[in-house]
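To keep things clear, I will list the structure first and then write my remarks on it.
The values are calculated or read from the model by the stated rules, or taken from the named source; none is laboratory data. For clarity, every value in this text was computed on a predicted model and none was experimentally measured. Reconstructed Cβ throughout: ideal geometry from the backbone, glycine too, with neighbour counts over all protein chains shown. Only protein heavy atoms, including side chains, enter the accessible area calculation; ligands, DNA and RNA are left aside. Shrake-Rupley method; radii C 1.70, N 1.55, O 1.52, S 1.80 Å.
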Amino acid sequence: MARRARQLWVIAALALLAVAAPARAEKLIVSVSNARVTVTPNYAGGELVLFGSVERDSPAPVEQMAYDLVVTVIGPRADMVTRRKERRFGIWINTDSRQFLMVPSYLAVFSNRPLEAIAPPEVRRRQQLGIRHTLLTQRIGTDYADVVADDQFRTAFVRLREERKLYEEDPAAVKFLTPTLFRTGIPLPAEVPIGSYEVQIKLFGQGELLTQTETSFEIAKVGFEQFVATAARQHGILYGLITALMALATGWMASIVFRRD
């Protein structure tokens, strides 16, 4: 009797799990058009293409769920400073500053429609959807925090990056070619930072996160600039000595050329 009761309990538990489990699960398959972009001294900008598809574990139902997609591109992280200038005695001087710690040097958020229409506020905050909800840690005295999105220094920092095309948000950049195939362009400005880029792709349905995946690409220098950068990084002392000698030699040659007899 006890054994039969245990069997019935197991069957009931499995039935509950079957009811609670989703009827189907989505999977994202993505790729970028070029995993390594080389930058030369005369580089004027370009664009990568991210394309992919949504795959399901089971055939699509009669009434297919409408998908939403948010693509976030995050460039190399670095410490940056935003300064406040004021006009005093007829000249502009720095009166205050704020240091941003390990923030993205490049940040782009692309979606197929406005983020407000894709997910509710709590989901956008939790998933850091959009520049407004992206964590930008600041040093405030001895404290470290990400203040409200309307903070003057944060607003100025984002505005300056947007003016240089290094921060961007486009609610219509992602295009669904079919209900499951999509693409978007990733613009790369002329002064694109060098380093590794992380691409986060998040799939939403009815305001909830269904699945997500990541990919990456690299921006690399080539030519003489890359040689100098590599030498400075790998042989710092030797690079410094050569630079000092070149400066001395240049000064000595200038003194000879412009010497008055």
(message) Any residue that is at pLDDT below 90, of a type in the set (Ser, Thr, Tyr) and in a helix (DSSP H, G or I) - is there at least one of those in region 150-160?
(response) no
(request) Determine whether region 116-124 contains at least one residue that is modelled with pLDDT of 90 or more, touching a helix residue (DSSP H, G or I) at 6+ places or on another chain (Cβ under 6 Å) and open to solvent by less than 90 Å² (accessible area, probe 1.4 Å). (result) yes
(request) Identify all residues within region 213-240 that are open to solvent by less than 100 Å² (accessible area, probe 1.4 Å) and modelled with pLDDT of 70 or more; write none if there are none. (result) Thr213, Thr215, Ser216, Phe217, Glu218, Ile219, Ala220, Lys221, Val222, Gly240
(message) Checking the condition surrounded by 12 or more Cβ atoms within 10 Å (Cβ to Cβ) and at pLDDT below 85, which residue from Arg84, Arg88, Arg77 passes?
(response) Arg84
(request) Can you work out which of the residues in region 197-207 that are of a type outside the set (S, T, N, Q) and modelled with pLDDT of 95 or more is nearest to Val49 (Cα to Cα)? (result) Val199
(request) Check whether at least one residue in region 131-143 is free of Cβ contacts under 8 Å to residues at least 60 places away in the same chain, surrounded by fewer than 11 Cβ atoms within 10 Å (Cβ to Cβ) and assigned to a strand (DSSP E or B), and report yes or no. (result) yes
(request) Within region 40-67, count every residue that is at pLDDT below 90 and either of a type in the set (Val, Ile, Thr) or over 22 Å from Tyr197 (Cβ atoms) (or both). (result) 12
(message) Out of Thr250, Thr178, I need the residue that is farther than 22 Å from Ser53 by Cβ and either open to solvent by 50 Å² or more (accessible area, probe 1.4 Å) or modelled with pLDDT under 90 (or both). Which one?
(response) Thr250
(request) Would you be able to tell me the number of residues in region 186-207 that are farther than 19 Å from Pro76 by Cα and either touching a strand residue (DSSP E or B) at 6+ places or on another chain (Cβ under 8 Å) or free of Cβ contacts under 8 Å to residues at least 40 places away in the same chain (or both)? (result) 4
